[in-house]
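Just so it is clear, none of the values below were taken in a lab; they were calculated from the coordinates. No experiment lies behind these values; they were computed from the predicted model shown. Note that each Cβ is placed from the backbone with ideal geometry, even for glycine, and that neighbours are counted across all protein chains shown.
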Amino acid sequence: MTTVALLPPRLRAFRRWFLAPAALVLFFAAGLAFRRSACAQDLPIQIVWVRQYYTLFLAKSRSGQGPLQPYVRCLVYLQFRNWGPPQRVPMGHGERPDYPNIRFRVWRNQVPIPFQRRVIPHVGGMDLYEVHFAAGESVRVTYDYVEQVLRHNPEEKVDVFEDTWGFEGYRPPLEDWWIVVDLGKMYTQYQASPGFGQSPATPALSYQTFFNRIFRVSPLGYQGRGTEIWWRFRDVGEERMHSFPKLRVEWQAWYR
């Protein structure tokens, strides 16, 4: 974890900071708190619903050299409602060195928000911005980023994407929470170049066989819809909002 100060209300992702590419966290001026229960300092802002979409795909590196490499595009929608007086909430998007950030953009009610990027040595970069909430206002914060997935195990053809979320300091409940992982682009790219020693004349695996053979996903309890896997939670209470089991997608890297 960085030494950047962190006070509630905040969108916690501390394990995510250590284990996965990016985190949405809320910053304040002084002090460092790794975990707090709800208290009088917590803002009267509710996260009404959340949509998190992860799309895995392969592309050349930014230099255009070498083999295809895995990337993840993350598109996140956060619907807030302020039940109290006007508020200004500083927020930030963090990255970890082994999941370098290629692009980051953020909007408030579809209007781009300016942000400042700061780099913390040996930890990663932070994109910092601020969101204003008028009294009683509903606000949607959207952010879109792309990260490169560096090799998890160089000795084996295995790549891994991980993410962990937790929401603390906000008014419960979180009414509707979707987490979606789309593997459609990976399957399309596999069809174009099957790998695993198969000749071009060998028929590509069906999507379901491809998924069962190539991928390992946790936590369990997900559902499938075409090339997407998803989790949905409703009326999430305060305790459950604080911690969500780590999302982990592991796959055989047929492309190298």
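Points worth noting:
- Near Val217, once Lys and Arg are set to +1 and Asp and Glu to -1 for all other residues with Cβ below 9 Å from its Cβ, the sum equals +1.
- Net charge, Val180 excluded, C-beta distance under 14 Å - Lys, Arg +1, Asp, Glu -1: +1
- With θ taken as phi - 60° and the Karplus curve 6.51 cos²θ - 1.76 cosθ + 1.60 applied, the whole-hertz 3J(HN,Hα) list for the stretch 235-243 is 6, 6, x, 4, 4, 5, 5, 6, 8 Hz, x standing for glycine and proline.
- Each residue, Lys157 and Glu175, gets one label point 7 Å from its Cα in the Cβ direction; the gap between the two is 4.8 nm.
- FRET efficiency, Arg256 to Ala135 (Cβ-Cβ, R0 41 Å, nearest 0.05): 0.15
- Amide H contacts of Ile102 (H built 1.01 Å from N, in plane; Pro and chain starts excluded): Val146, Glu147, Gln148 sit under 5 Å, all sequence-distant by 5 or more or on other chains.
- Segment Ile120-Tyr222, extension gain: residue separation times 0.36 nm, minus the distance between their alpha carbons: 33.2 nm
- Each other residue within a Cβ distance under 15 Å of Ser193 adds +1 if Lys or Arg and -1 if Asp or Glu, for a net charge of +4.
- Normalised by 2.2 N^0.38 Å, with N the number of residues, the alpha-carbon radius of gyration of the stretch 129-219 equals 1.62.
- Size check on the stretch 210-256: the Cα extents along the three principal axes, sorted descending, read 43, 21, 13 Å.
- Ranked by the mean number of other Cβ atoms within 10 Å of their residues, highest first, the peptides 46-57, 116-127, 182-193 come out as 46-57, 182-193, 116-127.
- Placing pseudo-labels 7 Å out from each Cα toward the beta carbon at Tyr77 and Trp230 gives an inter-label distance of 1.1 nm.
- In straight-distance terms, cross-link reach from Lys185 covers every one of the aspartates and glutamates whose alpha-carbon lies under 14 Å from its own, apart from those fewer than eight places away in the same chain; here that gives Glu228.
- Cubic angstrom per residue, convex hull over Cα atoms of the stretch 97-256: 160 Å³
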